[in-house]
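Peer 1: Encoded as structure tokens, here's the structure I'll be asking about.
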Amino acid sequence: MKILPGRSFPLGATIQNNGVNFSVFSPEAEKVELLLFENKDDINPAVIPFDHQLNKSYNYWHVFIEGIGVNQLYGYRVYGEYNPEGGNWFDGTKVLVDPYAKAIVGEYDRKLAQHYGEDNLHSCLKGAVISDDFDWGKDNYINHPISKSLIYEMHLAGFTKNINSGLPEKVRGTYKGLIEKIPYLKDLGITAVELLPVYAFDKQDAPNGKENYWGYSPINFFAIHAEYAAAQTPQEIVNEFKSLVKTLQENGIEVLLDVVYNHTTENDGFRDGPTLCLRGFANSSYYLLEKNGAFKNFSGTGNTLNGNHSVVRRMIMDSLKYWRQEMHIDGFRFDLASVLSRDEDGIPLQNPPILWSIDSHPALANAKIIAEPWDAVGLHQVTSFAGDRWSIWNDDYRDTIRKFVKGDENQIKRFAKSFLGSEYELNARHVDFKPHQNIHFVTCHDGFTMNDLVSYNKKHNMANGENNRDGNSVNHSWNCGVEGETDNTQINTLRQKQIKNFFAILLLSHGTPMLNMGDELRRSQSGNNNVYCQDNPLAWMNWEENPESKETLKLVKDLISFRKKHRLFSYPNYYKKAKRRTKPYVLFHGVSLNQPDWRPNSHSLAIEMVHPTKNEHLFLIFNMFHESLTFQLPNGEWHIAFDTDASKGDIVQGNIKCPSRTVMVLERLN
């Protein structure tokens, strides 16, 4: 093993010629050591001290080691002033993970990383040297237009972890296990999976001895989560994930990642947050701090990444480019994206540099970028998020649809706007905002499942060990008469219809629909709306079938097929609100033609949708009133394509009786 000065760029551990170049950013460090481990249990690593003259360029420490390569395990010790009130948390007793490490392995004790001066060498995480070489075969991205996309949000491990997944135990909950379930996703008809965090995260970041299941607790932003792999060695783990991405794309399914650039698992150092990575290298650069060194907490987790700091901004961009170019990811959903709009004092910026960098970077030009446009302390930017190209999670749509289907008053106007893409609320954001930049959802990982939305009035989160304090208490749900499971046939029939109503509205709205894992099979979490720490069947996909789940699954497949068949739903611009010869348009009706009832106590609406040049003519009826209503139809014969109350297929004309709490879709016959 030969030691050379190395170079400051690229950051991380990079295979070059017959060795590896290591480089890290630590501007205020007084001393840095590189530790090379023979295996993940090694407690006697080789120690390479960095020389200030040979191994430091400006704020970067670097070294080149000949004779090592793929799967080499390593870590750092960084020494300097320990002065938390002044922003410095240097602790030379801690083995640190490289912020740019592309794989992280090893068992560790979070508690050992929490306290200053306590050596964690015998129980620490380690980075691994990784080669980017991989046979991608036909090296093309899918690039589905956003207007033709249907997203399926899922937990990668939870999708296959249940014994009733039918998979061998050794691949349940792994990247390889998801490959086995691709035929199910393809048959469902979705065009993209949105994976909850697969960046390496800290499963010990959970209260009361529980484990973090969702993964919103990143260690760094380059490494894949090793525990989701059936493979054992670092390089094999990375390649297993790449194989998953390749296979999904070969089956026409894009891969979107839920990414967390707003905080890390180091949390609040003053409240037992561990020193694992960024804090030990350059705490005051990576995190937003108060003048007394306290951590600003716009993420709700104890710390906030300083996203508009030049070095942090570059790290985020390097991470996104890596996942896009080397891991072939098709797009990203940014958790609490509004955090990234804040400057170093925590004040929201009108034109945040990091958000515009993501929006405009050429390497991401065809990648889908989706914002969760709020943070944990009240900043809500659904109507004002920066950038020209961003799509947004529209929680206003979610709440409006829930309240309308539930039967709340004062919803009819908001329902019409939401169903048609929230034009007047969102179009002012940019000149070219398009309806499909709305990511429409009724449920997602965070909250009730679809089944529980119609089965529970209140959250039931006692299993989380926080005395039911966690999770959102405002869910706009309705249990249809009884809290939780019931044998009451009438209530179960109503619940099934309400679920079908939600799916019909979601999949026919003018925007990009997103489904929540397992809703199509009526997966339940027993009323728990915050299963972030429930790595068990409560939060996993339930593959067991029953008559209700089969009926729901068939409806979802049929609706997706119907949506794909009709160009109306993929029309990239907003519909006109009056008749046109060539442009798609919509007309509003009530029980009588051209007389929509916009009064606050109205619970019904009919929308006529026409695409003149594609010969598509639909009549959609939404009756959330508690009684049946008879609707006048436009001239001609109409085929009932969907009816959430009964079977489809009848041909009608003149008038049609729509049962209570029912969505009907009629298609005009030529």
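Peer 1: Go over the candidates Gly273, Gly302, Gly293, Gly346 one by one and state the one that is outside any helix (DSSP H, G or I), touching a Pro at 6+ places or on another chain (Cβ under 6 Å), surrounded by fewer than 24 Cβ atoms within 10 Å (Cβ to Cβ) and assigned by the TED database to the domain that holds Ile224. Break it down stepwise before answering.
Peer 2: Numbers: Gly273 fails: touching a Pro at 6+ places or on another chain (Cβ under 6 Å); Gly302 fails: touching a Pro at 6+ places or on another chain (Cβ under 6 Å); Gly346 fails: touching a Pro at 6+ places or on another chain (Cβ under 6 Å).
Every option except Gly293 fails the conditions.
Residues checked against (1) closer than 29 Å to Glu33 by Cα; (2) of a type in the set (Phe, Trp, Tyr); (3) touching a strand residue (DSSP E or B) at 6+ places or on another chain (Cβ under 6 Å):
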site: Asn251; (1), (2), (3): no, no, no
site: Val259; (1), (2), (3): no, no, yes
site: Asn283; (1), (2), (3): yes, no, yes
site: Glu290; (1), (2), (3): no, no, no
site: Thr301; (1), (2), (3): no, no, no
site: Ser319; (1), (2), (3): yes, no, no
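Peer 1: Give the residues of segment 9-19 that are in contact with a Ser or Thr (Cβ under 8 Å, 6 or more places away or on another chain), surrounded by fewer than 16 Cβ atoms within 10 Å (Cβ to Cβ) and of a type outside the set (A, V, I, L, M, F, W, C), sorted by residue number.
Peer 2: Within segment 9-19, just Pro10 meets the criteria.
Peer 1: On to the next question. Do the conditions hold for Gly518, that is, is it surrounded by fewer than 16 Cβ atoms within 10 Å (Cβ to Cβ), of a type outside the set (A, V, I, L, M, F, W, C) and touching a Ser or Thr at 6+ places or on another chain (Cβ under 7 Å)?
Peer 2: Values: surrounded by fewer than 16 Cβ atoms within 10 Å (Cβ to Cβ): no; of a type outside the set (A, V, I, L, M, F, W, C): yes; touching a Ser or Thr at 6+ places or on another chain (Cβ under 7 Å): yes.
Here the answer is no, as Gly518 does not meet what is asked.
Peer 1: I'd like the full set of residues that are hydroxyl-bearing (Ser, Thr, Tyr) and not in a helix (DSSP H, G or I), limited to segment 460-505.
Peer 2: Going residue by residue through segment 460-505, those that are hydroxyl-bearing (Ser, Thr, Tyr) are 473, 477, 486, 489, 493.
Hits for segment 460-505 are Ser473, Ser477, Thr486.
Peer 1: Restricting to segment 357-391, count the residues that are among the hydrophobic types (A, V, I, L, M, F, W, C) and either in a loop (DSSP other than H, G, I, E, B) or at pLDDT below 95 (or both). Let's see the steps before the verdict.
Peer 2: First, pick out the residues of segment 357-391 that are among the hydrophobic types (A, V, I, L, M, F, W, C): 358, 363-365, 367, 369-371, 374, 376-377, 379, 382, 385-386, 390.
Checking which are either in a loop (DSSP other than H, G, I, E, B) or at pLDDT below 95 (or both) leaves us with 365, 367, 376-377, 379, 382, 385-386, 390.
Residues flagged as among the hydrophobic types (A, V, I, L, M, F, W, C) and either in a loop (DSSP other than H, G, I, E, B) or at pLDDT below 95 (or both) within segment 357-391 amount to 9.
Peer 1: Could you list all residues from segment 107-139 that are farther than 16 Å from Val78 by Cα, of a type in the set (Gly, Ala, Ser) and touching a residue at least 40 places away in the same chain (Cβ under 8 Å)?
Peer 2: Step one: filter segment 107-139 for residues farther than 16 Å from Val78 by Cα, giving 107-112, 122-123, 128-139.
Then keep just the ones that are of a type in the set (Gly, Ala, Ser); that gives 123, 128, 131, 137.
Passing the criteria: Ala128, Ser131, Gly137.
Peer 1: Being at pLDDT 95 or above, in a loop (DSSP other than H, G, I, E, B) and of a type in the set (D, E, K, R): is that true of Glu548 here? So that I can check it myself, show each step before the final result.
Peer 2: Working: at pLDDT 95 or above: yes; in a loop (DSSP other than H, G, I, E, B): no; of a type in the set (D, E, K, R): yes.
In short, no.
Peer 1: Kindly list, by first and then second residue, each pair from a residue in segment 203-226 that is surrounded by 21 or more Cβ atoms within 10 Å (Cβ to Cβ) to a residue that is acidic (Asp, Glu) and in a loop (DSSP other than H, G, I, E, B), limited to pairs with Cβ atoms under 6 Å and residues at least 6 apart or on different chains.
Peer 2: If the second residue must be acidic (Asp, Glu) and in a loop (DSSP other than H, G, I, E, B), the pairs left are Tyr213/Asp535; Ser217/Asp202; Ser217/Asp205; Ile219/Asp202.
Peer 1: Condition first: more than 26 Å from Val95 (Cβ to Cβ) and either in contact with a strand residue (DSSP E or B) (Cβ under 8 Å, 6 or more places away or on another chain) or not in a helix (DSSP H, G or I) (or both). Can you find one or more residues in segment 306-316 that meet it? Write out each step before concluding.
Peer 2: Pass one, segment 306-316, residues more than 26 Å from Val95 (Cβ to Cβ): 307-308, 310, 313.
Retained after the next criterion (residues that are either in contact with a strand residue (DSSP E or B) (Cβ under 8 Å, 6 or more places away or on another chain) or not in a helix (DSSP H, G or I) (or both)): 307-308.
So far as segment 306-316 goes, yes, one or more of its residues are more than 26 Å from Val95 (Cβ to Cβ) and either in contact with a strand residue (DSSP E or B) (Cβ under 8 Å, 6 or more places away or on another chain) or not in a helix (DSSP H, G or I) (or both).
Peer 1: With the requirement that a residue be in a strand (DSSP E or B), β-branched (Val, Ile, Thr) and either touching a residue at least 40 places away in the same chain (Cβ under 8 Å) or in contact with a Pro (Cβ under 6 Å, 6 or more places away or on another chain) (or both), what does segment 625-667 give you?
Peer 2: Filtering segment 625-667 for residues in a strand (DSSP E or B) gives 629-632, 638-643, 651-652, 655-658, 662-667.
Filter once more, so that each one left must be β-branched (Val, Ile, Thr): 630, 640, 651-652, 656, 662-663, 665.
Across segment 625-667, the qualifying residues are Thr662, Val663, Val665.
Peer 1: Out of everything in segment 255-280 that is of a type in the set (Val, Ile, Thr) and over 30 Å from Asn366 (Cβ atoms), what residue ends up being nearest to the chain's Cα centre (by Cα)? Write out each step before concluding.
Peer 2: Our first condition is that a residue be of a type in the set (Val, Ile, Thr); within segment 255-280, this holds for 255, 259-260, 264-265, 275.
The next check asks that each one be over 30 Å from Asn366 (Cβ atoms); those that pass are 265, 275.
On the way: Thr265: 18, Thr275: 26 Å.
Ranking the qualifying residues of segment 255-280, first place goes to Thr265.
Peer 1: Still on this structure, please answer the following. Is there a residue being out of contact with any Leu (no Cβ under 7 Å at 6 or more places or on another chain) and in a helix (DSSP H, G or I) anywhere in segment 533-545?
Peer 2: Scanning segment 533-545 turns up no residue that is out of contact with any Leu (no Cβ under 7 Å at 6 or more places or on another chain) and in a helix (DSSP H, G or I).
Peer 1: Hey, Val70 hits all of (1) closer than 26 Å to Val198 by Cα; (2) in a strand (DSSP E or B); (3) of a type in the set (Val, Ile, Thr); (4) in contact with a helix residue (DSSP H, G or I) (Cβ under 9 Å, 6 or more places away or on another chain) but one; which does it fall short on?
Peer 2: Going through the list (1) closer than 26 Å to Val198 by Cα; (2) in a strand (DSSP E or B); (3) of a type in the set (Val, Ile, Thr); (4) in contact with a helix residue (DSSP H, G or I) (Cβ under 9 Å, 6 or more places away or on another chain), Val70 breaks only (2).
Residue-wise test of (1) within 16 Å of the chain's Cα centre (by Cα); (2) among the aliphatic types (A, V, I, L, M).
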{"site": "Gly331", "(1), (2)": "yes, no"}
{"site": "Ser338", "(1), (2)": "yes, no"}
{"site": "His361", "(1), (2)": "no, no"}
{"site": "Ile369", "(1), (2)": "yes, yes"}
{"site": "Gly387", "(1), (2)": "no, no"}
{"site": "Phe404", "(1), (2)": "no, no"}
{"site": "Arg414", "(1), (2)": "no, no"}
{"site": "Phe419", "(1), (2)": "no, no"}
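Peer 1: Also, I was wondering about something else. Within 29 Å of Ala206 (Cβ to Cβ), of a type in the set (Ser, Thr, Tyr) and touching a residue at least 24 places away in the same chain (Cβ under 8 Å) - does that describe any residue in segment 55-63?
Peer 2: Taking segment 55-63 as the starting set, the residues that turn out to be within 29 Å of Ala206 (Cβ to Cβ) are none.
So far as segment 55-63 goes, no, none of its residues is within 29 Å of Ala206 (Cβ to Cβ), of a type in the set (Ser, Thr, Tyr) and touching a residue at least 24 places away in the same chain (Cβ under 8 Å).
Peer 1: Let me ask something else about it. From Lys368, Lys403, grab the single residue that is more than 30 Å from Ile142 (Cα to Cα) and either surrounded by 22 or more Cβ atoms within 10 Å (Cβ to Cβ) or touching a residue at least 40 places away in the same chain (Cβ under 8 Å) (or both). Before you say what the answer is, go through the steps one by one.
Peer 2: Working: Lys368 fails: more than 30 Å from Ile142 (Cα to Cα).
So the residue among Lys368, Lys403 that is more than 30 Å from Ile142 (Cα to Cα) and either surrounded by 22 or more Cβ atoms within 10 Å (Cβ to Cβ) or touching a residue at least 40 places away in the same chain (Cβ under 8 Å) (or both) is Lys403.
Peer 1: How many of the residues making up segment 20-43 are over 23 Å from Tyr58 (Cβ atoms) and surrounded by 15 or more Cβ atoms within 10 Å (Cβ to Cβ)? Before you say what the answer is, go through the steps one by one.
Peer 2: Taking segment 20-43 as the starting set, the residues that turn out to be over 23 Å from Tyr58 (Cβ atoms) are 35-43.
With the extra rule that they be surrounded by 15 or more Cβ atoms within 10 Å (Cβ to Cβ), the set shrinks to 35-37, 40, 42.
Total meeting the criteria: 5.
Peer 1: Now for a different question. Considering only segment 211-241, how many residues are under 20 Å from Asp318 (Cβ atoms) and within 19 Å of the chain's Cα centre (by Cα)?
Peer 2: 9
Peer 1: If I ask for residues that are of a type in the set (Gly, Ala, Ser), surrounded by fewer than 22 Cβ atoms within 10 Å (Cβ to Cβ) and either under 19 Å from Lys148 (Cα atoms) or modelled with pLDDT of 95 or more (or both), which ones from segment 406-443 would you list?
Peer 2: Answer for segment 406-443, where residues must be of a type in the set (Gly, Ala, Ser), surrounded by fewer than 22 Cβ atoms within 10 Å (Cβ to Cβ) and either under 19 Å from Lys148 (Cα atoms) or modelled with pLDDT of 95 or more (or both): Gly407, Ala416.
Peer 1: Only strands (runs of 3 or more DSSP E) wholly contained in segment 111-227 count here; list those with 3 or more residues that are under 20 Å from Ile253 (Cβ atoms). Spell out the reasoning first.
Peer 2: On the way: elements: 126-128, 151-154, 192-195.
Answer list for segment 111-227: 151-154, 192-195.
Peer 1: Right, His122: surrounded by fewer than 23 Cβ atoms within 10 Å (Cβ to Cβ), outside the structural domain of Val312 (by the TED database) and closer than 30 Å to Gly19 by Cα or not?
Peer 2: Details: surrounded by fewer than 23 Cβ atoms within 10 Å (Cβ to Cβ): yes; outside the structural domain of Val312 (by the TED database): yes; closer than 30 Å to Gly19 by Cα: yes.
Answer is yes for this residue.
Peer 1: Turning to a different aspect of this structure: Please determine whether any residue of segment 452-466 is in contact (Cβ under 8 Å) with a residue 60 or more places away in the chain and farther than 27 Å from Gly300 by Cβ.
Peer 2: Within segment 452-466, the subset in contact (Cβ under 8 Å) with a residue 60 or more places away in the chain is 452, 455-456, 458-461, 463-466.
Still in the list and also farther than 27 Å from Gly300 by Cβ: 455.
Yes; the residues of segment 452-466 include at least one that is in contact (Cβ under 8 Å) with a residue 60 or more places away in the chain and farther than 27 Å from Gly300 by Cβ.
Peer 1: Taking Tyr175 and the conditions (1) out of contact with any Asp or Glu (no Cβ under 6 Å at 6 or more places or on another chain); (2) touching a residue at least 12 places away in the same chain (Cβ under 8 Å), which numbered condition does it fall short on, given that it satisfies the others?
Peer 2: Among (1) out of contact with any Asp or Glu (no Cβ under 6 Å at 6 or more places or on another chain); (2) touching a residue at least 12 places away in the same chain (Cβ under 8 Å), Tyr175 violates only (1).
For (1) over 30 Å from Arg389 (Cα atoms); (2) surrounded by 14 or more Cβ atoms within 10 Å (Cβ to Cβ), each residue gets a yes or a no:
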| position | (1), (2) |
| --- | --- |
| Gly92 | yes, yes |
| Tyr100 | no, yes |
| Ile130 | yes, yes |
| Ile146 | no, yes |
| Tyr152 | no, yes |
| Ile163 | yes, no |
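Peer 1: Let me ask something else about it. In segment 1-20, what residues are assigned to a loop (DSSP other than H, G, I, E, B), within 15 Å of Tyr74 (Cα to Cα) and out of contact with any Leu (no Cβ under 9 Å at 6 or more places or on another chain)? If you could, list the steps in order and put the result at the bottom.
Peer 2: So in segment 1-20, the residues assigned to a loop (DSSP other than H, G, I, E, B) come out as 1, 5-11, 17-18.
Next, from what is left, pick out any that are within 15 Å of Tyr74 (Cα to Cα): 1, 11.
Selection gives Leu11 alone.
The values are calculated or read from the model by the stated rules, or taken from the named source; none is laboratory data. Just so it is clear, the model here is predicted, and its values are computed rather than measured. Glycine also receives a Cβ, built like all others from the backbone with ideal geometry; neighbour counts cover every protein chain displayed.
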